[in-house]
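See structure below.
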Amino acid sequence: MATVKKPAPAVPSKLASKLASKVAAKAAVKGQAPMAPEAGGGAAKKRKRLAKVFKRPLDKTLRNVSLVREKFSLPEGEYEQLLEMKQRLSDLGLPVKKSELVRAGLLLLVGLDEIELKEAALKVQALG
């Protein structure tokens, strides 16, 4: 006896077009082509796709970074500025730690050329 497969229930065309337009709109916002849903090993594919977009290491390499604990002093005024920046970022919806702010400042200093770096170092008073 032969079995006949019933076709899958069709999605109403109005609903299908609405869904397709939403997917296309999201893809257009991100600047990527719409992708079909991933099956089975979707997590690995998604991780690889994210790794192409974001330069930060996502998995084991991020966990293997060794941290150095350092203690340093700041003038009271600069500490208040650090707290104000922390609050501003929190108000913008990005809560950060003080150490993350210091690291962000370091990233900005690394991007300076020699003359700008020297000028920035001269603006800071030596403590001691």
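Where a number appears in this text, it was derived from the coordinates with a stated rule and is not lab data. Source: prediction; values computed, not measured. Every residue, glycine as well, gets a Cβ built from its backbone with ideal geometry; the counts of neighbours run over all protein chains shown.
For the reader, a short list of remarks on this structure follows.
- Partners of LYS98 within straight-line reach, counting aspartates and glutamates whose Cα lies under 19 Å from its Cα and excluding those fewer than 8 residues away in the same chain: GLU70, GLU76, GLU78, GLU80, GLU84.
- Spin-label pair LEU74/GLN125, simplified geometry with 7 Å Cα→Cβ offset, distance in nm: 1.6
- LYS123 sits among other residues whose Cβ lies under 14 Å from its own Cβ, and their net charge, with Lys and Arg +1 and Asp and Glu -1, is -2.
- Across LYS45/LYS97; LYS97/LYS123; LYS71/LYS123; LYS86/LYS118, pairs whose alpha-carbon gap is larger than 28 Å: LYS45/LYS97
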